[in-house]
Ligand SMILES: Cc1cc2nc3c(=O)[nH]c(=O)nc-3n(C[C@H](O)[C@H](O)[C@H](O)COP(=O)(O)O)c2cc1C
Ligand code: SF4
Ligand code: SF4
Ligand code: SF4
């Protein structure tokens, strides 16, 4: 137990451990000190100066986030001097901020706008006007940066370097010319950015957002010759309710399906079908690598942020990646071959729209190798190079999907529960938990166990790989082989495991990596705010959904069994390889 | 009484190690090695020397903190960034008597248990860099620097580092970040550099002039030093006299000399009619002709409502418009703000804008109260000294010359014809 310190905050006496900041201590007496640059999961930056407080005996106000408590300290958080300072600081930020709240992506959830309101700023005394006007960075397929809306809080920089170990962005220049930039202003697409979107989640303003494709999706829906199918990732159903003011972690699978149908799409399918398919291929790949002494550990490949990270930072470890495409891409490949054939639709008219918790999925869908369907049909339909099309056409984030639902006034909260369409909407409990860290591992183990042993797995929950610990480990006995596995989420945790792999010191057979903290449920496309408490609630709801599913192992999914019987033959077949597996690219650091 | 410039002001003294040794150089180092760290510390504490870089912190205490910390390695850093407008005293020492600084830094290293020192040189001081390079090489040849100094088991080396032209890098924590190869921006204090400094290790960081006092204190004793100049803050000080004065320059004088004597006796009087004085450069508040009897030491200048800072005494005569002067000060800080914290980054920008508007005849009465409030909030909330003191000069010109501001705002008139007023 560490030493305790007595202090008073606004007259309330309290006792807290010595290393507590005034900011944290104030929470104990139910005061949430207003702030901008502070963020619960990031290091202390102490630069916005909004959280200043008065401390008896100090000549100046002090930032509560960066000041530790001391014995006998007398703190005041609400004096006229403090309130005046906070107001003026925010007023200064507003003077430098574009006045386009009406059309801003963050209109409803902007922390700056809310703070200005809460602090009672009703008049702007400084001349409005920015001295510098910057170009937006639209180079990335996933993320748009508008430096004009940046208030230099450094949260994006800190999340990118501290949580993700990427460091794609930094402050450059001095004073009023300070800007968050990529290396030599090359643009996010041309540096080591992984497109994970964690920076979007922590940005307090509209300076960072996803590159939206909402208009293109509306256009496809409106186009009579297009047959539009949507797929929704597991993590979306645990979070999209938050966009409609439902409590975090509300499970809204049925309402979501109903809402999407009401947007006018032709079929509402489920990425979880793709997830079950991924497990079939990946579990067999693992078993084969173990049997044939292939490269181990094998590492999962569902998280496109993670893929881009390893391509940039560990280009010599790419053979450790499973060759399986992600569930989104497997879905696209099957929809435009198997399903299109079934319905006798020209694959060029079948439009696959994904709804993803993820911004990196936008980039993934545009990777040049994600055109397997085009190659599949090329000869059959006599296609030329310029006819090239992608397996997945449009990727919407959870937030964008919610915006479309809001745009047409769908009363989401009161919708009846509806089912997904068949057959690409049929899935198991194993696929649901893909949305949480450890879920892919657990799902793969459920199937791999039965494939290898031929026995039924009785206890199908693998508790050791669940939860929010940064790196988790487990050992599973498979016919005498003790299978060692590890799970990491957040790229700085992945880095730890990868350094072992690079040094050939990794003790594991199989590793799951998700780029985002908490797994996809904490993805960069999820509702804002996303924080540790909310991530836990979303995870709980996914595990609840798994429990309620009649079938909880991927290889028992009847639609998947039918797919293999009718089309693919067997896992790792020649056709599987053409459509469901992929290759990776070595990349530089910048 | 010369402590710092005693060599430099000697006829025929040249910056060569032989001259330095000829004047008794490195005797203090020998003495220091003999008496040991504890005795050195007690002499420096007895001297009551405070830092000459601006903040006026007791030097002995600083060294003692670093010596008592438990971490190793430790570092000695000399702040030779000298970026404050109107300050040009460190350059004199660096260019004309570099051995004095080197000797002091070696003594500091020996005292606190450091084996490595850095001199962070203002980027624009090209020739100083070369002079120091040569001086370090020579000192090493004579075993005043390097391995086993003067045959002892103490080793110490000095690296030179050149700034890149940012004023804020003179602020100690920004300097350390810059020295570590990062962007020069202030750190959160506490912890102070004495505990968590260069590479997060204990570091003594002193101004060039502060160091330059050390050899004399070692040789002649703290007691001797403490009897020079003002009772409150003893020693001599290098005053940089500039502006509208007949003989500008660097003058080493006992602290506590009156501002009047400094101007009249050493500066040979004001050119024209005195209007105001900035006693500590553009970060200090204005003094008026009625303040001329103030004693030029840290506590007395503070009592008079300003700061002595690095000793940049800028004389302003009655040909200057105070609105224009305030605007120029604001421009400087707007340009030099590092941009890290909101009040300084955005506040300096707006202060400059408001003052520019007033000089163009676009001012409003409400601007004055807004500027005052801005100064108070920036003082209260800025992260480092730059932002905290950025509007000191503005605020005091507002308070001490309200008529000029009112004229610009209400009558749209600059009586000296300096501001464009359109
Ligand atoms: C904006 C700013 C600029 C500064 N520039 C200098 C400088 O150029 N030289 C210097 O010695 N100290 C400068 N200082 C003061 C240093 O932070 C520090 O207090 C000093 O170097 C400590 O040395 P001393 O104790 O010997 O004075 C500056 C401080 C601020 C806030
Ligand atoms: S998307 Fe991820 S990797 Fe790219 S800048 Fe943002 S946080 Fe960094
Ligand atoms: S882009 Fe957003 S998160 Fe990044 S520094 Fe600017 S305001 Fe902060
Ligand atoms: S006060 Fe100015 S110079 Fe200092 S940290 Fe803030 S922005 Fe940077």
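Every number here is computed from the coordinates shown, using simple stated rules; none is lab data. Fair warning: this is a prediction, and the values are worked out from it, not measured in the lab. Here the Cβ positions follow ideal geometry from the backbone for every residue, glycine too, while neighbour counts run over all protein chains shown.
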Inset, instruction - Could you tell me which of rounded, prolate or oblate describes the stretch B:209-347, using a ≥ b ≥ c as the square roots of the eigenvalues of the alpha-carbon gyration tensor, with rounded for a/c under 1.5 and, failing that, prolate when a/b is larger than b/c and oblate otherwise? - result: oblate
Inset, instruction - Please tell me the relative contact order of the stretch B:236-317 in percent, rounded to the nearest whole number, where contacts are Cα pairs under 8 Å and at least six residues apart. - result: 36 percent
Legend entry - Distance between modelled label sites at residue A:583 and residue A:496, nm, 7 Å Cα→Cβ extension: 3.5 nm
Legend entry - Global form of the stretch B:152-200, assessed from the alpha-carbon gyration tensor, a/c cut-off 1.5: oblate
Inset, instruction - Provide, for q = 0.12, 0.18 Å⁻¹, the log10 of I(q)/I(0) from a solvent-free Debye sum over equal Cα point scatterers in the stretch A:466-559. - result: -0.51, -0.99
Legend entry - Hydrodynamic radius (Kirkwood) for the protein assembly as shown, which is based on Cα pairs only, to one decimal in Å: 32.3 Å
Legend entry - Cα extents of the stretch A:412-495 along the three principal axes, largest first (Å): 49, 37, 19
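So what's the back-of-envelope 222 nm ellipticity for the protein assembly as shown, counting only DSSP H runs of four-plus at -39500 (n - 2.57) apiece and dividing by all residues, rounded to 500?
Numbers: 39 runs with 371 residues, N = 1012.
Calculated mean residue ellipticity at 222 nm is -10500 deg cm²/dmol.
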Legend entry - Degrees between helix A:532-548 axis and first principal axis of chain A (Cα, 0 to 90, nearest 10): 30 degrees
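Hey, could you grab the Kirkwood Rh for the stretch A:3-46? Inverse mean 1/r over distinct alpha carbon pairs, Å, one decimal.
Kirkwood hydrodynamic radius for the stretch A:3-46: 11.4 Å.
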Legend entry - Ellipsoid equivalent to the stretch B:17-226 - semi-axes via the Cα gyration tensor, in Å: 23, 20, 16
Inset, instruction - With viscosity set to 1.306 mPa s and temperature to 10 °C, compute the Stokes-Einstein D of chain A, Rh being the Kirkwood radius across alpha carbon pairs; µm²/s, no decimals. - result: 63 µm²/s
Inset, instruction - Quick one: angle between helix A:271-291 and the longest Cα principal axis of chain A, in degrees between 0 and 90, rounded to 10, please. - result: 70 degrees
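Taking a quarter of the surface of the Cα convex hull of the stretch A:394-440, what do you get in nm²?
Projected over every direction and averaged, the Cα hull of the stretch A:394-440 covers 4.9 nm².
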Inset, instruction - Report the dimensions of the stretch A:1-130 along its three principal axes from the alpha-carbon atoms, largest first, rounded to Å. - result: 51, 30, 22
Inset, instruction - With N denoting the number of residues in the stretch B:299-422, provide Rg(C-alpha) divided by 2.2 N^0.38 Å, to two decimal places. - result: 1.04
Legend entry - chain B - convex hull of the alpha-carbon atoms, volume per residue in Å³: 128 Å³
Inset, instruction - Compute the long axis of helix A:372-381 from its Cα atoms, compare it with the longest principal axis of the Cα atoms of chain A, and write down the angle in degrees, 0 to 90, nearest 10. - result: 40 degrees
Inset, instruction - Enter the mean projected area of the convex hull around the alpha-carbon atoms of the stretch B:226-302, in nm², rounded to one decimal. - result: 4.6 nm²
Inset, instruction - Could you run the Debye sum over the Cα atoms of the stretch B:45-140, one equal point scatterer each and no solvent, and tell me log10 of I(q)/I(0) at q = 0.24 Å⁻¹, two decimals? - result: -1.35
Inset, instruction - Note down the relative contact order for the stretch A:214-580 as a percent, whole number, built from C-alpha pairs under 8 angstrom at least six residues apart. - result: 27 percent
Inset, instruction - Can you tell me the alpha carbon radius of gyration of the stretch A:55-167 divided by the globular rule-of-thumb value 2.2 N^0.38 Å? - result: 1.33
Legend entry - Orientation-averaged projected area, Cα convex hull of the stretch A:132-211 (nm²): 4.6 nm²
Inset, instruction - Answer rounded, prolate or oblate for the stretch B:10-87, using the Cα gyration tensor with square roots of eigenvalues a ≥ b ≥ c: rounded when a/c is under 1.5, else prolate when a/b is larger than b/c, else oblate. - result: oblate
